[in-house]
Every structure is written in structure tokens, then in C-alpha cells.
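Working notes, structure below.
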Amino acid sequence: MPQLRILRTISTGRLLLLLAGVALALAAVGAVAVRAATGSGSPPPAQPLANALHDAATASKPAGISARISFTNDLVPSLSSFTGQGAVSPLLSGANGRLWLTGDGYGRIELQSNSGNDSEITWSPSRARIYDGTSNTVYEVALPQHATTTHTRPHTPPTVAQIQSFLSKLTDAVTLSNPVSTVIGGQGAYSVRVTPKDSSSLLDGARIGWDAVHGVPLEIGIYARGVSGPVVSLTATGISYAPVPASDVKISPPPGAKIVTIPTPSSSRSGRTHESVGGLAAVQAKLPFTLAAPATLDGKARASVRLLGGDSALLVYGKGLSAIAVVERQPAQGGAQQPPSALGSLPTTTIAGAKAQELPTQLGTLLRFEHAGVSFLVGAALPQHEVEQAAAGLAS
């Protein structure tokens, strides 16, 4: 039974919308796992990063969180040039909204656009839903479940020394700024910039801000190389800590909305786990088409080949932030048309004589085309021309 079937039919624009929704939800979910106590509206005292993180880790857990939020999405700076007259989801254009979190793993984000085409993300410990108001569609996915054991130990927060040891190891890969004392969302907060030492990709780092007393993340921003401000950010502009009614987070999809279930690669409809298949020969033996799998791609060595369900494969070239990911599958029979894009008419280019859909962003490029009976989805956190070169290498 095919897995990741969403790759067969989803347009590149819808794929970006889903990625934006997932990233936004994950950023918010991070607030559930941290601790809380009481707050302050003035900058906290300066202190080393390890101490500030220890204070956040040892605070008491909040009963619930409600916040006003500002979501910025400048991934596609030329968005207006190819949206046409259609409405654009707030997940792609950015918007203000509200966030609700409970202490038992439920949450909801609501974004309101000026055009009235709102978006909503809800999640529970077992399921997440992303609602796109521009198409009245709900994308639903099961979340991975962690095995439980009968012998559980109480959670013990790390000591300052343990945190400092971890940070020292982390600095092998990234540069960490000293925590800046500031105010975010009316709360005294610390803010830290994380910059990767690997400068080969478009990713220039992230900024994370958290409540100095509550420990709750108040700001998360992702930066692109050569761009001054964050290209994607989620910031609390006001926040309160109190129990959240179940009615605020446990809601049903809007009436008449189309439900699209996104299969996960680890389970089938029957719930059984798929055998993990890796390696070029083993994966090729499972596929009904011949993989295009050159030893190198745009100067990067083939690092891995994995089976995705029963009809697709994921190939990774290179390592680190500049790695190139390639999903290969057999094209849909009968030349099935792609559904409308959330962005309108996507830019196109030519790869080995074939028309390709292309979505360049400030953090990388997604490119899709068909060649020699194989459908390719190529993505990397690299400049547009490098992704195009990699795609051409697959078709050579």
C-alpha cells in the first residue's frame, strides 16, 4: 500500500503551506514541554546562558497558556508576483492571531487574515490538523507515539554543570550568543542567537527568546543568509498563564471542509509498521521503476537511499545543512493533473527539456519535474541555480 501518497497529488504551493503549518505548530508545541511560574514586565538580570536555561528547566509547569501572537512568513519575497487574484493563506503570507496550550498536550493556533481567509492549526498527543481557509481543506496527520514502560523514573532537570557541558559540545557546530536581557510579550525574557558554523547553506541561524521566570518560549525566528530580519518568526505579543478550557483547543473541522489524510511513512492503514529498507540495491528491488541515482550530484556524494512506503524513494546527497534531498516515484497513471496551488501559478523552468515547477524561497528551493518515466521532487537549503544544477544531474 503506497505511503506518503500526498507526494503524488499535492502541489508545490500546498507542500510549502503544509511545511509552514508544521513548523508553526512545532514552534508552539515547544512551549508545552517547558516550565512556568510567575512573570515580570522588565528585563531580567544578566546571567550566563547555562544558568538562564537551568532556571527555565526547573520552573513549575503551567496549567495552561493563552497568547496573542504575530506570525511572519517572508519565505517567498516575490509572493505577490504569482498569486494572481486568488487569496493567499495566512500560513504563507503571515498574520496575527491567538494561541492556546493546555498542560496535557492539546493546542490550537488561529491566524486571521485581512481578506477573511483564516487558517487554524490544532493538535493533540496523537493527531495534528492544519486548516487552510483559502481552499476549505483540512490536512490531518497522526503524530508519532512514544512507547511507555512500567518502570519510569521521575524527571530530573539537568544541573547547571550538565547544561554547560552540553553547550560546550554544541559549540562545535554552532555559535551561541550571550543571552540578551529584554522584554517580549510583556514578560521579562532572555534572547539568544544561534548561528551554524556551516556556512554552505542559505540558513543563517535562529533566534530564540523565552520568559525569564516562566521558562516559556516567547519568540522563535529563522534567519536566511544575506537577509537582516527573520524570514519566518512566531512571537508572543501578549501572554497569560491560566487553565485553558477544553472548548478552546478541542474543536472539529469546519462544516463542509475537505479532509485530506497524510499517511506517515512508518505505518500503513492497518497500523502495521513497514520494514525499514535502505541501500540502493535493496530499495531498487522494491520499486516498480528504475531509480536515477548517480554516485554524485552537483559535486556531492550520495549519502543514503531509503524506501518511502512501496512506491517512492528518498535519496540524500551530501551532509549537513547543504545536503540535497530527492524524492523519486513513478508518475501517476493517466497523467493526473495537480490540484490548484495555494500560491496560484508557480514559476516554471526547464530541466533536461522537461517543464518543471519551481518554488524558490529565501531558505532554499523546491523543484518538481518528470523525466524518463520518473517523477522527481528536489529540495535543498541552497540557492536556486544550485538546485537546478542538481536536478539536471538527475536527468543526465
Evaluate the distance, in nm, between pseudo-label points positioned 7 Å from the Cα of residue 198 and of residue 240 along their respective Cα→Cβ axes.
4.4
At R0 = 35 Å, how high is the FRET efficiency between residue 261 and residue 180 if r is their beta carbon distance? Nearest 0.05 is fine.
0.20
Gain in length, residue 282 to residue 159, computed as 0.36 nm per residue apart minus the alpha-carbon separation, to one decimal in nm?
39.8 nm
Based on the mean of other Cβ atoms within 10 Å per residue, sort peptides 165-176, 127-138 so the most packed one is first.
127-138, 165-176
Between residue 142 and residue 114, what is the FRET efficiency for a Förster distance of 25 Å, r being their Cβ-Cβ separation, to the nearest 0.05?
0.15
Checking rank on 46-55, 349-358, with mean other Cβ inside 10 Å and highest first, the result is 46-55, 349-358
Residue 58 versus residue 296: modelled label distance in nm, points set 7 Å from Cα along the beta carbon direction:
5.3
The extension gain from residue 354 to residue 46, computed as 0.36 nm times the residue separation minus the Cα-Cα distance, is 105.1 nm
Stretched out fully, how many nm does the piece from residue 247 to residue 396 gain, at 0.36 nm a residue minus the Cα gap?
48.1 nm
At residue 385 and residue 126, where each label point lies 7 Å from the Cα along Cα→Cβ, what is the point-to-point distance in nanometres?
5.2
Packing-based ranking, highest mean first, of 251-258, 89-96 given that Cβ atoms within 10 Å are counted:
89-96, 251-258
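FYI, it's all coordinate maths here, none of it is from the lab. Model, not experiment: these values are computed from the prediction. We place every Cβ from the backbone using ideal geometry, glycine too, and count neighbours over all the protein chains shown.
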